[in-house]
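Before any comments, here is the structure.
Quick note: the coordinates plus some simple rules give every number you see, no bench work behind them. The shown structure was predicted, so the numbers you read here are calculated from the model rather than taken from an experiment. Cβ placement follows ideal geometry from the backbone for every residue including glycine, while neighbour counts extend to all protein chains displayed.
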Amino acid sequence: MSVIQIKKKKEISETYDLIVAGGGLAGVAAACSAAREGLKVLLIEKYGFLGGMATSALVYPFMPHTESGGVLANAGLFLELLQETNMLSGNKDLNSRYCLTEFLKIALDRMIEKYGVTVLFHSKLSDVEFRDRKVMSITVATISGNIKLSAPIFIDATGNADMCAFAGLPYQIGRDEDGLCQPMTLCFRLANIDNNRFDRKAAVALYKEFQKKGLIKNTRENILSFKFPVDNVRHFNTTRVIGYDPTDVEQLTVAEFEARKQMFEMYRFLRDNVEGCENCKLIESAPEIGIRESRRIIGYYEITADDITGTVKFKDSIARCTYAIDIHNPSGTGTIYEKIPENDYYTIPYRAMIPVDADNIIVAGRPLSSTHEAHSSFRIMPVTTCIGEAAGIAASLVKKYGCVPSDVDTKVLQNILIKNGALV
Ligand SMILES: Cc1cc2nc3c(=O)[nH]c(=O)nc-3n(C[C@H](O)[C@H](O)[C@H](O)COP(=O)(O)OP(=O)(O)OC[C@H]3O[C@@H](n4cnc5c(N)ncnc54)[C@H](O)[C@@H]3O)c2cc1C
C-alpha cells in the first residue's frame, strides 16, 4: 500500500486583473464581458458546472426578456446565451424562454471558451481578507486544500453576496417587519404525464381540498408547474419552504430535507389523484434548493418598489427590467404580483451594484442594493445576466482609468454596453 501526503500547498501562479466569485448567469456574463474588454479574468465556482440557480436549482423558464408588447428589453450576452442554448438543443425558436438545462450548461461552457475566461470549478469562496476598504485576498476551499488568491478588483456574483458578507460589509436580509426572505423552492420534473388529460385547474381544486383536510402540508396556494420541451415531462416549481434563513447553514440543511418531503408529497398526490398523472415518475430534482432571496448589499442607491411601478429610467442605467413585483409569501400562503405598466420597463442603476464601504468590489446579480419588494422583480435571470455584463465592463473601466468602482463614468459604461448589443 502506498501512502500519499499533500506535501506542498496548491498555489495558482498566474496573476489576474479580475476575480469573479460565482459562476451563475451574472458571474458568467461579468467574466465574459470583462474578458471581452481585454481583462485577464479568473472565475471561481463552487460546483462543476456553470449557471447558478438556472442549473443547480433547475430554475425554469426564463422570465420574459421583452416588454409586454414584444419589444426586446434584455439583449447583449443574455440573448447570445439564449440563442446558443436553443441552437444547441435544436429548438427552431431561438428566442424561446423554455430552454433545456443541459444545453444551457454547454452553451455557458462555450461562452467561457469564446471569451477566454479561466475557470476554477469546485472552488468555494470561504474567506475574505479585507483592509482599508479593499479586498486584499480571498480564500477558496478546494479539493487541493485552501488557496489564497488576489487581484486588483473583484466581482461578487455569488447570488448571496458571500464576498461582501465575508468581508464584513453590512447588508439587509428579508422583509422589513421580520427579516423573513421569500420561500425557498426545490424544483423537480415528472415524466410520463399525459398532458392531454392533465387539467391544471382541476388538479389545483383538488389540491386545495387536500390542503383543507390537512392532507397536504405545503402552504403554497396552488400548483406551480410549466410545460417542458420534452414529451410527457412537466416542470414543477411548487414546493414552498418557509421561515428559514438561507444564509444559515443549519437552517439551509433543514430546508433541503423539508423540500424533498414536499416534493414527494406532491408526486404522490398527483400520481394517486390527478387524471393524466397515474403513471408519472419522479425523474429529477435540482441538485440544491432554490434560493429566491438572501442578502442585499448596502449600495450607493437602493432600488425601491416605487422605482419599479413608476418605471423609472435612471441616468446611470445599465439594464432594463420588465418583470412584475413578485413576492411569494415568506410566511405562508399567497403571492403578491404587481405588474408594471404595459409596453414599458424600468432600469437598474449602476449605483445599486457598488457597496458603499468597499473600493474594489462590484456586485453582480441578485443581491443588489434594494428593498425586499424591489428585489422580487429584478432577480429574474435575463436581468441578472445583463447586470453581470455591466459589472464586467465596469471592472475593465476601473482598470483602464485607475479609479474606484464608484467613480466609473457611467456614460462610458453605457456606450460600451450599447456598442456590444446590450440595452440600457
Ligand atoms: C425557485 C426559484 C424560482 C425562480 N423562478 C424564476 C423564473 O421562473 N424565471 C426567472 O427568470 N428567474 C427565476 N428565478 C430567479 C433566478 O433564478 C435567480 O434570481 C437568478 O438566477 C440569480 O442569478 P445570479 O447569477 O445572481 O445568482 P445565482 O444563480 O445564485 O448564481 C450564483 C453562483 O455562485 C456560486 N456560488 C455561490 N456561493 C459561492 C461561493 N461561496 N464560492 C463560489 N461559488 C459560489 C453558485 O454555485 C452559483 O453558480 C427563480 C429563483 C428561484 C430560486
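Think of the stretch 188-285 as having a plus end and a minus end, set by charges on the Cβ of Lys, Arg, Asp and Glu; of N237, I193, V249, I193 sits farthest toward the positive end of this dipole. Place +1 on the Cβ of every Lys and Arg and -1 on the Cβ of every Asp and Glu in the chain, take the dipole about the Cα centre, and give the residue among L423, M111, V20 whose Cα lies farthest towards its positive end. The residue sitting farthest along the positive end of the dipole is M111. Let a ≥ b ≥ c be the square roots of the eigenvalues of the Cα gyration tensor of the stretch 184-242; is it rounded (a/c under 1.5), or, if not, prolate (a/b larger than b/c) or oblate? Oblate.
Listed values for the stretch 51-66 are Karplus-derived 3J(HN,Hα) couplings in whole Hz (6.51 cos²θ - 1.76 cosθ + 1.60, θ = phi - 60°), namely x, x, 3, 5, 10, 6, 10, 6, 5, 6, x, 5, 6, x, 9, 10, and x replaces Gly and Pro.
Can you classify the stretch 1-53 as rounded, prolate or oblate using the Cα gyration tensor, where a ≥ b ≥ c are the square roots of its eigenvalues, rounded means a/c under 1.5, and otherwise it's prolate if a/b beats b/c and oblate if not? Since a/c reaches 1.5 but b/c is at least a/b, the shape of the stretch 1-53 is classed as oblate. The Cα atoms of the chain cover 69, 63, 47 Å along the three principal axes, with the biggest extent listed first.
Karplus-derived 3J(HN,Hα) values for the stretch 217-229, using 6.51 cos²θ - 1.76 cosθ + 1.60 with θ = phi - 60°, are 8, 3, 8, 4, 6, 8, 9, 9, 9, 10, 5, 9, x Hz; glycine and proline are entered as x.
When DSSP beta bridges are restricted to pairs lying wholly in the chain, around 70% turn out antiparallel.
Just report the Cα centroid separation between the stretch 154-176 and the stretch 1-33, whole Å. Spelled out, the Cα-based centre of one part sits 21 Å from the other. A Gaussian network model of the chain, with springs between Cα atoms under 10 Å, assigns the largest mean-square fluctuation among L104, L43, L215 to L215. Amide H to amide H distances under 5 Å link D359 with K134, V135, where only residues 5 or more positions off or on other chains count and H is placed in the peptide plane. Close amide H partners of L43, meaning residues 5 or more places away or on another chain with modelled amide H under 5 Å apart, are V20, T118, V119, L120. Here the Karplus relation 6.51 cos²θ - 1.76 cosθ + 1.60, evaluated at θ = phi - 60°, turns the backbone of the stretch 297-302 into coupling constants of 6, 9, x, 6, 9, 9 Hz, with x for every Gly and Pro. Here is the list for the stretch 297-365: GluC sites (Glu not before Pro) lying in DSSP coil, each with at most 16 other C-beta atoms within 10 angstrom of its C-beta, are E342. Rounding to the nearest 10 and keeping the result within 0 to 90°, find how far the Cα-based axis of helix 101-115 lies from the longest principal axis of the chain. The helix 101-115 is inclined about 10 degrees to the chain.
Using a Gaussian network model on the chain with a 10 Å cutoff between Cα atoms, which of S294, S13, S225 fluctuates the most? Taking springs between Cα atoms under 10 Å, the residue moving most is S13.
For the chain, the longest principal axis of the C-alpha atoms and the axis of helix 249-273 are separated by about 30°. Helix 76-89 and the long axis of the chain differ in direction by around 50°, with both axes built from C-alpha atoms. Distant-in-sequence amide contacts of I318, defined by a placed amide H-H separation under 5 Å and a gap of 5 or more residues or a different chain, comprise I348, Y350. Rounded, prolate or oblate: which fits the stretch 52-94 when a ≥ b ≥ c are the square roots of the eigenvalues of the alpha-carbon gyration tensor, with rounded for a/c under 1.5 and prolate only if a/b beats b/c? It comes out oblate by the Cα gyration axes.
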